[in-house]
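Let me begin by presenting the structure, written as structure tokens, before commenting on it.
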Amino acid sequence: MFSKETYKNRRTRLRQQVGSGIILILGNNEVGMNYKGNGYHFRQDSNFLYFFGISQPGIAGLIDIEEGREIIFGDELTMEDIVWMGKKPTLSDRAAKVGIENTFPFKELLDYMKKAAIAKRPVHFTPPYRHDNMILLNQLTGIKIGKLQGKASTDLIKAIVAQRSIKSEEEVAEMENAVNITRAMHVAVMKAAAPGKRESELAGIAQGIATGMGNGTSYPIILTKNGQVLHNHDHSNILKTGQLILGDFGAENRNFYAGDITRTVPVAKTFSERQRDIYKLVLKAETECIAMLKPGLAYQAVHMEASRIIAEGLKEMGLMKGDTDEAVEQGAHALFFPHGLGHMIGLDVHDMEDLGEDFVGYSDEVKRSKLFGTAYLRLGRHLEPGFVLTVEPGIYFIPQLMDQWQAEGKFTDFIDYDELDNWRSFGGVRIEDNVLITEDSHRILGKPIPKTVEEVEALRG
Ligand code: GLY
Ligand code: MN
Ligand code: MN
């Protein structure tokens, strides 16, 4: 948690930017896993954490702009709660630590909102993503559940995106910490990887470090020999020499900031020749794209540069052919690189995705591409100092996609399908780092994580 002033300043800016009405930010609730009392790990809503700082279920934050009031609605612990879960600081004490003087019982939120409705005052809320909060918002505003997403406040969304996109120094320090925990996870996995081990053993090592050093993982662990499946959460395979392990995992640190790092390593102690060629090409795309980063550059242009580097390298390997620029313009490279180069990261691994990807990642000047592959790019807009983003190019051999494109005769001028047939079982390589945009350049967050072929093989030795 940051100082009281940090939260007060954030709320003041929010109030000024939204201008009028009531801002309502709902916290998250406990969610039952298989019955109500056996819950999933509790994670507070990130907007609530950013403006109200308290990680506790069952509370809501309200800023009444005209009345100049800030309130947290929530109930104090009952004796029964204390018997089962222990004594905790009171809600009013916790609220005071984030500069809030008013705490009211949760049921009074309904009365507050009824009065607001009678007075026809605008209520600003963010798009709800949990069903319990959809039901609550329906009760509080009278808006049908199916219409809530569309009725979320664009003014509030834009004001939040404007603030949360620019990380303060104290936030960057938290993010460095998240990356350093993530580094420990990756180094441990690289050292432990070996033929005969199950993917789940390695995933367990990563999970254990994340839990031990932080709040656990910032998203479900991807650790697989089938790296060509982009978000593969299966960990059931036993690893064999000749395979690659793609590990995309990160820690959430104790102040709720996310790390999101990918490394790809051989199950054997060294890369095979083919693996090394593809790995070096992905590394070239990653390092050259990172080297370009500075304020004013549109990230969509960096994505296109990664695509060109990948297409050019694949041409040298005989997998692609024809004019590289034309191939990329038409989207032929997306057979191998079917996702975006990166996204904002912060309190969320895909930062602020609940607010809408286009509000976060695009602007009046930069619009989302409609091309397969590039359309998945979550961040396209011009970079600004204080942005933290991921750079994560990859090359994948997805047999089903290869077969479909070949059957459709797609991009036969740019793809050598005969050569491609020899690569069906390759898997995938992705390399990902988290990068801060500085006043005139960029900085990779955290201590360096082994990345060159030599560094990776040294750890596998
Ligand atoms: N870990 C998911 C991603 O890299 O976007
Ligand atoms: Mn990732
Ligand atoms: Mn990522």
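Key figures
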| item | result |
| --- | --- |
| Positions within region 426-448 being within 25 Å of residue 243 (Cα to Cα), out of contact with any helix residue (DSSP H, G or I) (no Cβ under 6 Å at 6 or more places or on another chain) and either in a strand (DSSP E or B) or among the polar types (S, T, N, Q) (or both), in sequence order | 428, 430, 432, 433 |
| Filtered residues of region 419-458 (kept if crowded, with 18+ Cβ neighbours inside 10 Å, more than 16 Å from ligand 1 (Cβ to nearest atom), under 19 Å from residue 190 (Cβ atoms) and among the hydrophobic types (A, V, I, L, M, F, W, C)) | 456 |
| Search result, residues across region 215-256 that are within 16 Å of ligand 3 (Cβ to nearest atom), open to solvent by less than 40 Å² (accessible area, probe 1.4 Å) and free of Cβ contacts under 8 Å to residues at least 60 places away in the same chain | 217, 221, 222, 223, 224, 232 |
| Residue check, residue 27 on the phi < 0 side of the Ramachandran plot and buried (at least 18 other Cβ atoms within 10 Å of the Cβ) | yes |
| Cross-chain or 6+ apart pairs with Cβ under 8 Å, region 137-149 first and touching a residue at least 40 places away in the same chain (Cβ under 8 Å), then surrounded by 10 or more Cβ atoms within 10 Å (Cβ to Cβ) and in a loop (DSSP other than H, G, I, E, B) | 137/125; 137/128; 137/143 |
| Every pair of residues 6+ apart whose Cβ atoms lie under 7 Å, when the first sits in region 174-199 and is within 22 Å of residue 271 (Cβ to Cβ) while the second is hydroxyl-bearing (Ser, Thr, Tyr) and buried (at least 22 other Cβ atoms within 10 Å of the Cβ) | 199/224 |
| When residues of region 78-111 are limited to those that are in contact with a Leu (Cβ under 7 Å, 6 or more places away or on another chain) and of a type outside the set (A, V, I, L, M, F, W, C), the one most open to solvent (accessible area, probe 1.4 Å) | 88 |
| Failed condition for residue 384, given (1) touching a Pro at 6+ places or on another chain (Cβ under 7 Å); (2) within 16 Å of ligand 1 (Cβ to nearest atom) | (2) |
| All positions within region 350-362 that are open to solvent by less than 30 Å² (accessible area, probe 1.4 Å) and within 16 Å of ligand 3 (Cβ to nearest atom) | 351, 352, 360, 361 |
| Considering residues of region 257-270 that are open to solvent by less than 10 Å² (accessible area, probe 1.4 Å), assigned to a loop (DSSP other than H, G, I, E, B) and not acidic (Asp, Glu) only, the residue farthest from ligand 3 (Cβ to nearest atom) | 267 |
| Index of the failed condition, residue 153 passing every other in (1) within 22 Å of the chain's Cα centre (by Cα); (2) surrounded by 18 or more Cβ atoms within 10 Å (Cβ to Cβ); (3) closer than 22 Å to residue 379 by Cα | (1) |
| Among the residues listed as 48, 2, 42, the single one being under 26 Å from residue 134 (Cβ atoms) and in a loop (DSSP other than H, G, I, E, B) | 42 |
| Among the residues listed as 68, 32, 61, 39, the single one being within 31 Å of the chain's Cα centre (by Cα), open to solvent by less than 60 Å² (accessible area, probe 1.4 Å), under 24 Å from residue 9 (Cβ atoms) and small (Gly, Ala, Ser) | 61 |
| Test: residue in region 313-320 that is without any contact (Cβ under 8 Å) to a residue 40 or more places away in the chain, open to solvent by less than 30 Å² (accessible area, probe 1.4 Å), away from ligand 1 (no atom under 16 Å from the Cβ) and closer than 17 Å to residue 452 by Cβ | yes |
| Odd one out for residue 420, checked against (1) in a helix (DSSP H, G or I); (2) closer than 21 Å to residue 149 by Cβ; (3) out of contact with any Phe, Trp or Tyr (no Cβ under 7 Å at 6 or more places or on another chain) | (2) |
| Which numbered condition residue 375 misses (of (1) open to solvent by 20 Å² or more (accessible area, probe 1.4 Å); (2) assigned to a helix (DSSP H, G or I); (3) within 16 Å of ligand 3 (Cβ to nearest atom); (4) of a type in the set (A, V, I, L, M)) | (3) |
| Yes/no for residue 392 being modelled with pLDDT of 95 or more and either more than 16 Å from ligand 3 (Cβ to nearest atom) or farther than 30 Å from residue 244 by Cα (or both) | no |
| Qualifying residues in region 308-350 (those that are closer than 18 Å to residue 298 by Cα and aliphatic (A, V, I, L, M)) - the one farthest from ligand 2 (Cβ to nearest atom) | 328 |
| Condition met for residue 335 (under 21 Å from residue 283 (Cβ atoms) and in contact with a Cys (Cβ under 7 Å, 6 or more places away or on another chain)) | no |
| Hits in region 362-384 - residues which are in contact (Cβ under 8 Å) with a residue 40 or more places away in the chain and either among the polar types (S, T, N, Q) or more than 16 Å from ligand 2 (Cβ to nearest atom) (or both) | 365, 366, 369, 371, 372, 373, 374, 380, 381, 382, 383, 384 |
| Residue match in region 321-338 (condition: closer than 19 Å to residue 406 by Cα, within 16 Å of ligand 1 (Cβ to nearest atom) and either small (Gly, Ala, Ser) or outside any helix (DSSP H, G or I) (or both)) | yes |
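The values are calculated or read from the model by the stated rules, or taken from the named source; none is laboratory data. No experiment lies behind these values; they were computed from the predicted model shown. Cβ coordinates were reconstructed from backbone atoms using ideal geometry, including for glycine residues, and neighbour counts include every protein chain displayed. Quick note on the areas: whole protein, heavy atoms, side chains included, nothing else; ligands and nucleic acids left out. Shrake-Rupley method; radii C 1.70, N 1.55, O 1.52, S 1.80 Å.
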